[in-house]
Amino acid sequence: MSSKTTQSKNPKPGLLISPSRFFYARSNLLAALLATAVLAGYLVFVLMGKGAAFEVANSSVRSLGTTLGFGQTEILAFLAERSEKMILAYINFNQVWDSLFALIYGVMYVIWVSVLFKPYSKRASILNLLPFGQVVFDWLENFALATLSNEYLAGGTISSTTAALASTFSTIKWVFSLLVYGVILVGIVMRVVRAIKKRSLR
């Protein structure tokens with residue numbers, strides 16, 4: 001049999017197939033619980049402390065990334081009530097600490113989805129990589145917010161286009177978040193039904 005025939009019958013997996021299969025194969029309940037513990041520890045011992053550096057007492061918005069969309073007016077109000085030092089801390093927060101947080105929660109959700117859908121991995125395909133969509137738009141939002149903060153420090157104003165992009169990225173991020181929670185909920189239901197069916201066949 002020629003090498004061309006062999007290649008046609010055994011095509012190389014797509015760009016996303018290999019990492020998807022990796023997570024399905026390596027994910028288990030212990031890994032999911034460990035990833036959850038790492039996320040919780042990072043949130044409590046690192047992220048909250050870094051966020052305190054730009055926190056304003058009695059402010060309605062602690063960080064723009066925690067709201068579902070925002071406009072140019074909200075961004076300017078957020079930056080105006082903070083000192084230059086606090087804005088610099090906010091830039092560092094978005095570029096480093098919150099971006100790392102996004103990667104950690106992304107991996108955690110991928111592991112949980114992989115655990116729940118492992119019995120259905122052939123049909124679910126790359127569904128377990130869905131949380132990385134949230135990570136990508138979280139990073140884009142962070143980059144846009146850091147850019148806006150630097151613009152404000154340089155000239156006291158911000159680009160309306162960049163502000164609109166930041167808001168759009170934020171909205172898409174939260175849409176992905178809802179989708180991920182929905183997938184996890186469906187996965188839990190499917191596993192419960194599977195367990196009940198197995199028990200009834202005994």
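The values are calculated or read from the model by the stated rules, or taken from the named source; none is laboratory data. From a predicted model like this one, the values you see are computed outputs, not experimental measurements. With ideal geometry, Cβ positions are generated from the backbone for all residues, glycine too; neighbour counts draw on all protein chains shown. In case anyone asks, the SASA skips ligands and DNA or RNA and just uses the protein heavy atoms, side chains included. Shrake-Rupley method; radii C 1.70, N 1.55, O 1.52, S 1.80 Å.
For this structure, a couple of remarks:
- Within region 15-66, being polar (S, T, N, Q), within 17 Å of the chain's Cα centre (by Cα), farther than 15 Å from Tyr109 by Cα and open to solvent by less than 80 Å² (accessible area, probe 1.4 Å) holds for one residue alone: Ser63.
- Within region 72-117, the residues that satisfy the criterion of being modelled with pLDDT of 95 or more, of a type in the set (Ser, Thr, Tyr) and closer than 28 Å to Ser160 by Cβ are Ser83, Tyr90, Ser99.
- Region 106-131 residues that are charged (D, E, K, R), paired with ones that are assigned to a helix (DSSP H, G or I) (beta carbon under 6 Å, 6 or more apart): Lys118/Tyr24
- Residue in region 53-68 that is within 28 Å of Leu34 (Cα to Cα) and either in a helix (DSSP H, G or I) or modelled with pLDDT of 95 or more (or both) present: yes
- Within region 157-178, residues that are under 17 Å from Ala80 (Cα atoms) sit with their Cβ atoms under 9 Å from residues that are open to solvent by less than 60 Å² (accessible area, probe 1.4 Å) and not in a helix (DSSP H, G or I), at 6+ positions apart or across chains, in these pairs: Ala163/Phe70; Ala163/Gly71.
- For first residues located in region 28-40 and in contact (Cβ under 8 Å) with a residue 12 or more places away in the chain, partners that are open to solvent by less than 50 Å² (accessible area, probe 1.4 Å) and not hydrophobic (A, V, I, L, M, F, W, C) and lie 6+ apart or on another chain with Cβ distances below 6 Å form the pairs Leu39/Tyr105.
- Listed by position, the helices (runs of 4 or more DSSP H) contained in region 93-189 that have at least 2 residues being surrounded by 20 or more Cβ atoms within 10 Å (Cβ to Cβ) are 98-117, 131-155.
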